[in-house]
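To start, the structure itself, in structure tokens.
Throughout, read-outs are computed from the coordinates displayed, never taken from laboratory work. Quick caveat, the model's predicted, so the values are computed rather than measured. Note that each Cβ is placed from the backbone with ideal geometry, even for glycine, and that neighbours are counted across all protein chains shown.
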Amino acid sequence: MNICLGGDLDGEVVNNREGTFFEASEIDPSKQSTYNRQSYIVGENTYRFWLCSELPYMEATEIAGKHLAEKYIFLS
């Protein structure tokens, strides 16, 4: 999925990034957020999100859960 959760890039999909974190300024110099990669495993599938480092982990996990729930509703 590679969706950014929170921060300057909230909701944007950021693919082709190596490593476990990146600065939003690498995409747009006017942005300042820092993102960390987080993986969520659902069954046999692994989904990756970019979580803004300023967003509390529990809040980010709730948002990621909503994205995953939407995906599974559409697949059912």
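Taking 0.36 nm per intervening residue step and subtracting the Cα-Cα distance, what contour gain separates Ile27 from Asn45 on full extension?
The span from Ile27 to Asn45 would gain 3.7 nm if fully extended.
Label points 7 Å out from Cα along the Cβ direction at Asn15 and Glu59: separation in nm?
Each label point is offset 7 Å from its Cα along the Cβ direction, giving 3.0 nm.
Return the calculated 222 nm mean residue ellipticity for the chain, to the nearest 500 deg cm²/dmol, obtained by summing -39500 (n - 2.57) across DSSP H runs with n ≥ 4 and dividing by the residue count.
Taken over the chain, the calculation gives -8500 deg cm²/dmol.
Please rank Val42, Val14, fewest neighbouring Cβ atoms within 10 Å first, as an exposure proxy.
Val42, Val14
Please name whichever of Val13, Gly43, Tyr57 sits farthest to the positive end of the charge dipole of segment 3-75, dipole taken about the Cα centre and charges placed at Cβ: Lys and Arg +1, Asp and Glu -1.
Gly43
Is there a quick way to get the dipole size of the chain? I mean about its Cα centre, with the Cβ of Lys and Arg at +1 and of Asp and Glu at -1; what is the value in debye to the nearest 20?
On the way: 6 positive and 12 negative charges, 51 e Å.
So the magnitude is around 240 debye.
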